[in-house]
1. May I ask which residue of 37, 56, 78 lies farthest towards the positive end of the charge dipole of the chain, with charges of +1 (Lys, Arg) and -1 (Asp, Glu) on Cβ and the Cα centre as origin?
2. In whole Å, how far is the Cα centre of the stretch 79-107 from that of the stretch 1-25?
3. Using r as the Cβ-Cβ distance of residue 17 and residue 70, and R0 as 41 Å, what FRET efficiency do you calculate, to the nearest 0.05?
4. Please list, ordered by chain and number, the residues whose modelled amide H lies under 5 Å from the amide H of residue 50; skip anything fewer than 5 residues away on the same chain.
5. Kindly put 7, 35 in sequence by how many other C-beta atoms sit within 10 Å of each C-beta, fewest to most.
6. Per 0.36 nm of contour for each residue apart, how much would the distance between residue 105 and residue 28 grow if the chain were fully extended, relative to their Cα-Cα spacing?
7. Assign unit charges at the C-beta atoms only (+1 for Lys and Arg, -1 for Asp and Glu), then state the dipole size of the chain relative to its Cα centre in Debye, rounded to the nearest 20.
8. Anything in the chain that counts as a DSSP H helix reaching 24 Å or more along its axis (C-alpha) with Kyte-Doolittle mean of at least 1.0? List them, would you?
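Where a number appears in this text, it was derived from the coordinates with a stated rule and is not lab data. Keep in mind the model is a prediction, meaning the values are calculated, not measured. In this analysis, Cβ positions are derived from the backbone assuming ideal geometry, glycine residues included, and neighbour counts consider all displayed protein chains.
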Amino acid sequence: MTLGVEIIAAGILLAAFWPSLPMLYGAAALLGVGIGLATPFAFAHLADTTPPERMGRTMGTAELGRELGDAGGPLLVGGVAVAATLPIGLGALAVVVAVTGAATRALPGVVAVREPPDARRD
């Protein structure tokens, strides 16, 4: 998951500071790969570590966070771009994404709370 977030940050930086057409295609590819890695692994991790009675709340909260990111990213980039330039706005977003990715590495390890299917008690 963290690798995916770091790839997203790299794609944003590529778009910000080398905005030629081939580099924008490369940035789009990096963004797609990063999101494709980060999202399913993040939700799978949540599903593995969440008690069944809290699954709905946890997944709902995760989806809310994702939606806030979808809304907040353009606001951050736009606000910084108005005050400075678009590359600096994209750079600010890349910093936020990279810091978020680094923060996931700092979180303590979590042990899965679910028992494997073959460990059921009768």
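1. Going by the Cα projections, it comes out as 78.
2. 12 Å
3. 0.95
4. Placed amide hydrogens put 113 under 5 Å from residue 50.
5. 35, 7
6. Computed gain between residue 105 and residue 28 is 25.2 nm.
7. 120 debye
8. Long hydrophobic helices here: 21-49, 86-106.
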